[in-house]
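Chemist: For reference, the structure I am asking about is given below.
The values are calculated or read from the model by the stated rules, or taken from the named source; none is laboratory data. The shown structure was predicted, so the numbers you read here are calculated from the model rather than taken from an experiment. Neighbour counts are summed over all protein chains in view; Cβ atoms, including those assigned to glycine, are modelled from backbone coordinates with ideal geometry.
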Amino acid sequence: MAVVRLSSANADGLTGVCRGDTVELRLPACPAAELGWRWLLPEALRLVADRPGTAGGRTLTFAVTASGLHEFRVELARPWEGEAAQAFTFVLHAP
């Protein structure tokens, strides 16, 4: 079981993982105080931790609980607005 580290630079690409791996996603700082990160996860990813990162960013940690192709999205948005100011989509492949 490995720790796979991702950042916004890995968005829109395919990342290989294994079932049982841990994925750490480092997100950039929010440019405005009222903006926050939200995430949309498939059932195969379980949120393990949500911690403040360096320089105002955020680090999310997920457990990969199943094999398959898993797409997830993180969005930077105001909680009361539906549209995201910024969004990243990631695809994990766990054989």
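Chemist: If you check Gly82, Gly68, Gly53, Gly57, which single one turns out to be free of Cβ contacts under 8 Å to residues at least 40 places away in the same chain and closer than 17 Å to Gly16 by Cα? Outline the logic, then answer.
Modeler: Working: Gly82 fails: closer than 17 Å to Gly16 by Cα; Gly53 fails: closer than 17 Å to Gly16 by Cα; Gly57 fails: closer than 17 Å to Gly16 by Cα.
Answer to the selection: Gly68.
Chemist: Return the only residue of Phe72, Phe88 being modelled with pLDDT of 95 or more and in contact with a helix residue (DSSP H, G or I) (Cβ under 6 Å, 6 or more places away or on another chain). I'd like the intermediate steps shown before the answer.
Modeler: Numbers: Phe72 fails: in contact with a helix residue (DSSP H, G or I) (Cβ under 6 Å, 6 or more places away or on another chain).
Selected residue: Phe88, the only one of Phe72, Phe88 that is modelled with pLDDT of 95 or more and in contact with a helix residue (DSSP H, G or I) (Cβ under 6 Å, 6 or more places away or on another chain).
Per-residue answers, yes or no, for (1) surrounded by 15 or more Cβ atoms within 10 Å (Cβ to Cβ); (2) within 20 Å of Ala9 (Cα to Cα):
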position	(1), (2)
Trp39	yes, yes
Ala44	yes, no
Pro52	no, yes
Thr59	yes, yes
Phe62	yes, yes
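Chemist: I need the full set of residues from segment 78-95 which are buried (at least 18 other Cβ atoms within 10 Å of the Cβ) and aliphatic (A, V, I, L, M), in order please. Outline the logic, then answer.
Modeler: Our first condition is that a residue be buried (at least 18 other Cβ atoms within 10 Å of the Cβ); within segment 78-95, this holds for 88, 90, 92, 94.
Leu92, Ala94, listed by residue number.
Chemist: Do we have Ala55 as more than 15 Å from the chain's Cα centre (by Cα) and part of a helix (DSSP H, G or I) here?
Modeler: Numbers: more than 15 Å from the chain's Cα centre (by Cα): yes; part of a helix (DSSP H, G or I): yes.
Against the criterion (more than 15 Å from the chain's Cα centre (by Cα) and part of a helix (DSSP H, G or I)), Ala55 qualifies.
Chemist: So for segment 14-31 (the condition being at pLDDT below 95, among the aliphatic types (A, V, I, L, M) and on the phi < 0 side of the Ramachandran plot), does at least one residue qualify?
Modeler: Yes, that holds for at least one residue.
Chemist: Now, a different point. Aliphatic (A, V, I, L, M), surrounded by 16 or more Cβ atoms within 10 Å (Cβ to Cβ) and at negative phi: does that describe Leu69?
Modeler: Numbers: aliphatic (A, V, I, L, M): yes; surrounded by 16 or more Cβ atoms within 10 Å (Cβ to Cβ): no; at negative phi: yes.
Considered against the rule, which asks whether it is aliphatic (A, V, I, L, M), surrounded by 16 or more Cβ atoms within 10 Å (Cβ to Cβ) and at negative phi, Leu69 comes out as no.
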